[in-house]
Amino acid sequence: RNIPSEGFTSMLFMLLLVPAEIAKIHPAFVAASINIVALALSVVWIGQMIRSVGILPPSLSTLSTLMLAGATVIDHNIRALAFSGFESVFGLLWITGMIVSATYVLHDQRTMQSRRRWLATFFIFIFFAHLVRPEYLIIGALSTIILMFCKNIRRAVLRYLAIFALVVAAYYIAKFIIFGDLFPTGFYRKVRLNSNALDYIKNWASEYLVILVPCVCIIVVTLRKLVSYKSLA
């Protein structure tokens, strides 16, 4: 194909399928199993976060978790994605991990040591999320901006962000040395080899940025209001 790339958009998902190939297990079955486990863990993590942070009373936290589980089961789109063999649902697991860990970092009733541990976990989730889909780095970047508004952990965020940047740089340098390129095959097929490359990039930007940026702005404004209310109290 004359495309100098490693050929896998979802590096982590591909690596998880390798044992199935060696064991002669149908990859579609393994992919669906990974997605189902990822979806179940995402629901459990969200429910545990709601209970731990105290957003709802314990009884209502359990009820909300069960309702979320029921909603994911009956949703046709989620079921279709889970059994499709694609990595979309698997990516949801790491996005959920980002949200949960960021929530614990912002939870000021936790000790500073605990919040720093969750901050490290937050960046670990970002790294693995971008191994599932490289564009998840955008969600991680926007989430990091939100954490930067918390003054008492801002230095820790910057320190972990610097470490994260070094790890990502080392990963891409190693990737370039091994494969001779930085981007997966899908990038070149959709952008370089596509006559409508600009349209593809515009659609990609509108899907991720036009939707996410306003959401982040709303969250930031809400957090600032909460901080001001606490200071007045």
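Of the helices (runs of 4 or more DSSP H) lying entirely inside segment 40-134, those carrying at least 2 residues that are in contact (Cβ under 8 Å) with a residue 40 or more places away in the chain and of a type in the set (Gly, Ala, Ser) are 88-106. Just to be sure before I move on: is LEU93 over 16 Å from the mean Cα position of the chain (by Cα), farther than 25 Å from ALA162 by Cβ and not β-branched (Val, Ile, Thr) in the structure I sent? Here the answer is no, as LEU93 does not meet what is asked.
If you check ILE78 against the conditions, is it at pLDDT below 85 and within 19 Å of TRP118 (Cα to Cα)? Here the answer is no, as ILE78 does not meet what is asked. Taking segment 17-39 as the range and being surrounded by fewer than 16 Cβ atoms within 10 Å (Cβ to Cβ) and either more than 17 Å from ILE78 (Cβ to Cβ) or in contact with a Pro (Cβ under 7 Å, 6 or more places away or on another chain) (or both) as the test, the residues that pass are VAL18, PRO19, GLU21, ILE22, ALA23, LYS24, ILE25, HIS26, PRO27, ALA28, PHE29.
Just wondering, is there one or more residues in segment 178-187 that are surrounded by 12 or more Cβ atoms within 10 Å (Cβ to Cβ), polar (S, T, N, Q) and modelled with pLDDT of 80 or more? No - not one qualifying residue is present in segment 178-187.
A single entry from SER143, SER42, SER114 fulfils the requirement of being small (Gly, Ala, Ser) and surrounded by fewer than 19 Cβ atoms within 10 Å (Cβ to Cβ): SER114.
Restricting attention to segment 140-158, and to residues there that are out of contact with any Leu (no Cβ under 9 Å at 6 or more places or on another chain) and charged (D, E, K, R), which single residue is modelled with the highest pLDDT? Filtering first and then ranking leaves ARG155.
For segment 155-163, does any single residue satisfy the condition of being hydroxyl-bearing (Ser, Thr, Tyr), surrounded by 14 or more Cβ atoms within 10 Å (Cβ to Cβ) and either touching a Gly at 6+ places or on another chain (Cβ under 7 Å) or free of Cβ contacts under 8 Å to residues at least 40 places away in the same chain (or both)? No, segment 155-163 contains no residue that is hydroxyl-bearing (Ser, Thr, Tyr), surrounded by 14 or more Cβ atoms within 10 Å (Cβ to Cβ) and either touching a Gly at 6+ places or on another chain (Cβ under 7 Å) or free of Cβ contacts under 8 Å to residues at least 40 places away in the same chain (or both).
Taking the numbered list (1) at pLDDT 75 or above; (2) buried (at least 17 other Cβ atoms within 10 Å of the Cβ) in turn, SER5 passes all entries but (1).
The values are calculated or read from the model by the stated rules, or taken from the named source; none is laboratory data. Quantities reported herein were computed from a predicted structural model and do not represent experimental measurements. Using ideal geometry, Cβ is built from the backbone for each residue, glycine included, and neighbour counts are taken over all protein chains shown.
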